[in-house]
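Worksheet: the structure to be examined is printed underneath.
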Amino acid sequence: MHKKMIAGNWKMNCGQSATSDFINKLEDLLESDETGKRSSKAIESELIEIVIAPPFTSIGAAVAARRSEKINISAQNVHYEPKGAFTGEISLGMLEEAGCKYVIIGHSERRHVFGETNELLERKLVATLESKVLPIFCVGELLADREAGRTETVLRQQLEAAWLSLTSDVVAEMLVVAYEPVWAIGTGKTASDKDADDACGFIRELAQEKFGAATADALRVLYGGSVKPENSAGILAQKNIDGLLIGGASLDVDSFTKIITTSV
C-alpha cells in the first residue's frame, strides 16, 4: 500500500502573510477535532503525507510557520544548473536550503504557457534526482489530444523522454508522477474516476515496460485536475491513484482539509 500524497499547488497565489496564516490554520485543524486527529494519526503512521507548494517568495514563510513535520513544502519549478548566470531562476541547492522536500516539474502551465520542452524537463528531472529534493513530475494531454484519441500517445512521449536515462531503483524510491489532463485544470471539468484511473494505470504500464513490474508497483502516481472535496474520495478510491495534486481547492484551508480527510 502506497503512502497517499495530498499536494496543493498554489501557483502564483498567497504572499508570505497569507501563507503563514494558512499553515497555522491547517496545523490547528489537524489537531482540533476527531477528524483532524485521525488525519494526523494517518500522517504519523505514514499512510498519507501533505505537501504545499507556495510561490518561491513564500517558501520561507511556509517553513517558518510549521509547528511540526506534518506538512512538507514543495517548490513549483527549478533550474537544472547548480548556479550561474540564469537571471530569475532558482537552483536545487537553494530549494534544499530553503526547506523544500519536493519540487514540481513539468506542470502543464510550464509546458504550454512557458514553452518548456520534453528535453528541458528531462534535464530538470535528472538534476533533481541527483539532489536531495524529490520530484513531482507532471504529464497530461490537451483536450484536442483526448478528442483525437491520443492520450496514451502523449503520455508515452512525455514519459519516455523524461525516463531516458533513469534507473529502476531511482524511479521506485524517489519519483512521483502526476497525471494532469490539461483540459481539466482550472476548467471545472474533471476526468471521470475511470478515465483518471485508466490514464494512471497506463503510466504504470509504461513504467513496467521500461523498469519492470516491481518498479511499476512502487511508483506513486497522482491525479490532478479540478479536484474538489466533492470528487476527491471517488478519485482516491481508484486502484492506480496514489494521491492528488490540487490547484484552486488547495487555496482554501477548509476545502483542502476536507480533501485530506477523504484520503484517510
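Compute the distance from the alpha-carbon center of region 50-94 to that of region 1-45, in whole Å.
A separation of 17 Å, based on Cα centres.
Rounded to the nearest 500, what is the 222 nm mean residue ellipticity of the chain from helices alone, with -39500 (n - 2.57) per DSSP H run of 4+ residues and division by all residues?
Details: 13 runs with 126 residues, N = 264.
My calculation for the chain gives -14000 deg cm²/dmol from helical runs alone.
Say a site is exposed when it is one of the trypsin sites (Lys or Arg not before Pro), sits in a DSSP loop, and has at most 12 other Cβ atoms within 10 Å; what is then the longest site-free stretch of the chain? Can you show the working numbers first?
Numbers: sites that count: Arg67, Lys83, Lys132, Lys189, Lys239.
Longest stretch, sites excluded: 1-66.
Place +1 on the Cβ of every Lys and Arg and -1 on the Cβ of every Asp and Glu in region 61-188, take the dipole about the Cα centre, and give the residue among Tyr80, Leu159, Ala65 whose Cα lies farthest towards its positive end.
Positive-most Cα among the choices belongs to Ala65.
Would you please calculate the Kirkwood hydrodynamic radius of region 155-260 over all C-alpha pairs and express it in Å, rounded to one decimal?
For region 155-260, the Kirkwood estimate is 14.2 Å.
Using every Cα-Cα pair within region 1-155, state what percent have a distance larger than 20 Å.
55
If the cut-off is a Cα-Cα distance under 16 Å, which aspartates and glutamates reach Lys41, setting aside same-chain residues fewer than 8 apart in sequence?
Glu27, Asp28, Glu31, Asp33, Glu49, Glu69
Mind jotting down the distance between the C-alpha centroids of region 168-218 and region 96-151, whole Å?
Using only Cα atoms to place each centre, the spacing works out to 13 Å.
Quick check: convex hull over the Cα atoms of region 148-215, volume per residue in Å³, rounded to an integer?
Enclosed volume per residue, from the Cα hull, is 100 Å³.
If the limit is 19 Å between Cα atoms, which of Lys70/Lys228; Lys194/Lys228; Lys4/Lys210 go over it?
Result: Lys70/Lys228; Lys4/Lys210 exceed 19 Å.
Which value does Rg/Rh take for region 155-194 over its C-alpha atoms, Rh per Kirkwood? Could you put the intermediate results ahead of the total?
Values: Rg = 13.6 Å, Rh = 12.3 Å.
So for region 155-194, dividing Rg by the Kirkwood Rh gives 1.10.
If I model a spin label as a point 7 Å beyond the Cα along the Cα-Cβ vector, how far apart are those points for Ser68 and Asn24 in nm?
1.8
State the three equivalent ellipsoid semi-axes of the chain, derived from the C-alpha gyration tensor as the square roots of 5 times its eigenvalues, in descending order and whole Å.
Working from the Cα gyration tensor, I get semi-axes of 26, 22, 18 Å.
Does region 75-135 classify as rounded, prolate or oblate by the C-alpha gyration tensor (a ≥ b ≥ c root eigenvalues; a/c under 1.5 gives rounded; else a/b over b/c gives prolate, otherwise oblate)?
Prolate.
What lysines sit close enough to Lys83 to cross-link, taking a C-alpha to C-alpha distance under 19 Å and skipping anything fewer than 8 places away on the same chain?
Lys124, Lys132
DSSP loop chymotrypsin sites (Phe, Trp or Tyr not before Pro) in region 81-156 with at most 11 other Cβ atoms within 10 Å of their Cβ, which ones? Don't jump to the answer; show the numbers that get you there.
Numbers: sites: Phe86, Tyr102, Phe114, Phe137; in loops: Phe86, Phe114.
Filter output for region 81-156: Phe86, Phe114.
Near the amide H of Ile104, under 5 Å away, which other amide H atoms are found, from residues 5 or more places off or on another chain, if H is placed in the peptide plane?
Result for Ile104 returns Ala75, Gln76, Asn77, Ile136.
If you wrap a convex hull around the alpha carbons of region 86-221, what volume per residue comes out, as a whole number of Å³? Please list the in-between numbers first.
On the way: hull volume 16.5 nm³, N = 136.
In region 86-221, the Cα convex hull volume per residue is 122 Å³.
Residue by residue, what Karplus-based ³J(HN,Hα) values in Hz, rounded to whole numbers, does region 77-92 have, using 6.51, -1.76 and 1.60 with θ = phi - 60° and x for Gly and Pro?
Along region 77-92, the couplings run 6, 7, 9, 7, 8, x, 5, x, 8, 10, 3, x, 9, 10, 9, 5 Hz.
Read the figures in this text as sums done on the coordinates, not as results from a lab. Please read all numbers here as calculations on a predicted model, not as lab measurements. Here Cβ is always computed from backbone atoms with ideal geometry, including for glycine, and neighbour counts include all displayed protein chains.
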